[in-house]
Amino acid sequence: MRAFWILPNRDQGDDVLASDGSRVLPLRDVLEPARRPAGFSHGVPTELLERCPPGQRRELLFAQRFPRWDGAGDLVSVCTTAGVDASGRAVHIGLLLLLGPTEIPIFALTPAGLPEADRPHAAALLRRLTTRDNGDPWVRSLREMLAEPPDRGPVTNVELERSPTPFAARYALGPRGLERKRERATWLRSLGALCLLANVVPFLCVRAQSPGAFIWHFN
């Protein structure tokens, strides 16, 4: 496994930077643009920032998983907000994991070699990802995403509504925060049951007005 930090672009420069914990280099040297899977994001998408309830932006986690992205192992990224730049724009910090065919994600990259301004955000992200049963719904959504079978295709931990690239997701961000989506099959079964009732109840009411009809029915 190769693991890298994706550093906040606090100067809004042309290059997004990455670090392996000891050296800083352009993200394009780690993951060339031509090799990036469709829909890859190195930060929290704008639509999630816009939909996030007030006061919860710091809790946002956006994770992606691209199974067998290079024909072998998975690509996994996890991003969160890391404050704002001088102009007030949100900046992001993340972890990028490039996995071998049989490897699983391990969040153990040290923040010690990062720029001083980024270390607290990196350490906080690591704590969230490595703490067991902390009741964090965003971390729960990430863990469920990582447990998805590879044949489900590219997945995110939270639904994207404006992405041109289709992703599967089990959670959605609404006015009250992150919530688990209802399974489509369950929703369809419920709708089918309601449609059946809508047709059967009037029929029974008509039959109830004609006793002979019930005699014919039971005989």
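Odds and ends about this structure:
- All positions within the stretch 30-62 that are assigned to a loop (DSSP other than H, G, I, E, B) and of a type in the set (A, V, I, L, M): Leu31, Ala38, Val44, Leu60, Leu61
- Boolean, Val16 is out of contact with any His (no Cβ under 6 Å at 6 or more places or on another chain) and of a type in the set (Val, Ile, Thr): no
- Taken together, Arg68, Arg128, Arg51 contain a single residue that is at positive phi, in the same structural domain as Leu17 (by TED's automatic domain parsing), surrounded by fewer than 21 Cβ atoms within 10 Å (Cβ to Cβ) and modelled with pLDDT of 90 or more, which is Arg68.
- Enumeration of residues in the stretch 82-121 that are loosely packed, with under 14 Cβ neighbours inside 10 Å, among the hydrophobic types (A, V, I, L, M, F, W, C) and assigned to a loop (DSSP other than H, G, I, E, B): Ala86, Ile104, Ile106, Ala108, Ala112, Ala117
- Residue in the stretch 66-74 that is small (Gly, Ala, Ser), out of contact with any helix residue (DSSP H, G or I) (no Cβ under 9 Å at 6 or more places or on another chain) and free of Cβ contacts under 8 Å to residues at least 12 places away in the same chain present: yes
The values are calculated or read from the model by the stated rules, or taken from the named source; none is laboratory data. Everything numeric in this text was worked out from a predicted model, so none of it was measured. Neighbour counts run over all protein chains shown; Cβ positions are idealised from the backbone, glycine included.
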